Amino acid sequence: MTRPTSSQIDPDVQLLQALGHPTRLAIVRELTGGAEVCACDFTSCCDVSQPTVSHHLRILKEAGVVEAERRGTWIYYRIVPSAADRLRALAGELLGHPQVIPVGALSRPAPRSRATSPQA
């Protein structure tokens, strides 16, 4: 039996799994307080080392929860608005409200492809 890849997992499951770790939840909570946060500032809120923060940020980014912008040597993170909307819709569904945002509406970054040169 093969293990499902991240592209085979329901986007809602991937979103909830990404938030299911205490460090990642702390990161998301830190991001809700402001527009964006430098990666170096998460070590104080999460009480973990920088490599561990980077690992958790990568998981959140792969799940579509956060997005990043490099500015020189610093990387700033912010919550992806569609992820926050999806969480809100999921909570509403659990309370019996109709589904507001379909699962397919989640924007997922397209996989980067390598530029290939035409072969003769």
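Here are the numbers:
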quantity	calculated
For Tyr76: the one exception among (1) outside any strand (DSSP E or B); (2) in contact (Cβ under 8 Å) with a residue 40 or more places away in the chain; (3) not basic (Lys, Arg)	(1)
Residues satisfying the stated conditions in the range 22-67, i.e. open to solvent by 70 Å² or more (accessible area, probe 1.4 Å) and over 18 Å from Ser82 (Cβ atoms)	Pro22, Arg29, Glu30, Gly33, Asp41, Ser44, Asp47, Pro51, His55, Arg58
In the range 68-86, residue farthest from Asp12 (Cα to Cα) [restricted to those that are aliphatic (A, V, I, L, M) and open to solvent by less than 20 Å² (accessible area, probe 1.4 Å)]	Val80
Checklist (1) in contact with a Cys (Cβ under 6 Å, 6 or more places away or on another chain); (2) within 30 Å of Pro98 (Cβ to Cβ) applied to Trp74, failing item	(2)
Count - residues of the range 9-21 that are within 14 Å of Ala84 (Cβ to Cβ) and part of a loop (DSSP other than H, G, I, E, B)	0
Single unsatisfied condition, Val100 versus (1) more than 18 Å from Thr43 (Cα to Cα); (2) at pLDDT 85 or above; (3) of a type in the set (Val, Ile, Thr)	(2)
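Table: residues versus (1) under 14 Å from Ile75 (Cβ atoms); (2) touching a Phe, Trp or Tyr at 6+ places or on another chain (Cβ under 7 Å); (3) outside any helix (DSSP H, G or I); (4) among the acidic types (Asp, Glu).
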{"residue": "Leu25", "(1), (2), (3), (4)": "no, no, no, no"}
{"residue": "Gly34", "(1), (2), (3), (4)": "no, no, yes, no"}
{"residue": "Asp41", "(1), (2), (3), (4)": "yes, no, no, yes"}
{"residue": "Cys45", "(1), (2), (3), (4)": "no, no, no, no"}
{"residue": "Val53", "(1), (2), (3), (4)": "yes, yes, no, no"}
{"residue": "Leu57", "(1), (2), (3), (4)": "yes, yes, no, no"}
{"residue": "Leu60", "(1), (2), (3), (4)": "yes, no, no, no"}
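The values are calculated or read from the model by the stated rules, or taken from the named source; none is laboratory data. What you see is a predicted model, and the numbers here were worked out from it, not measured in a lab. Glycine also receives a Cβ, built like all others from the backbone with ideal geometry; neighbour counts cover every protein chain displayed. What goes into the accessible areas is simple: the full protein's heavy atoms, side chains included, and nothing from ligands, DNA or RNA. Shrake-Rupley method; radii C 1.70, N 1.55, O 1.52, S 1.80 Å.
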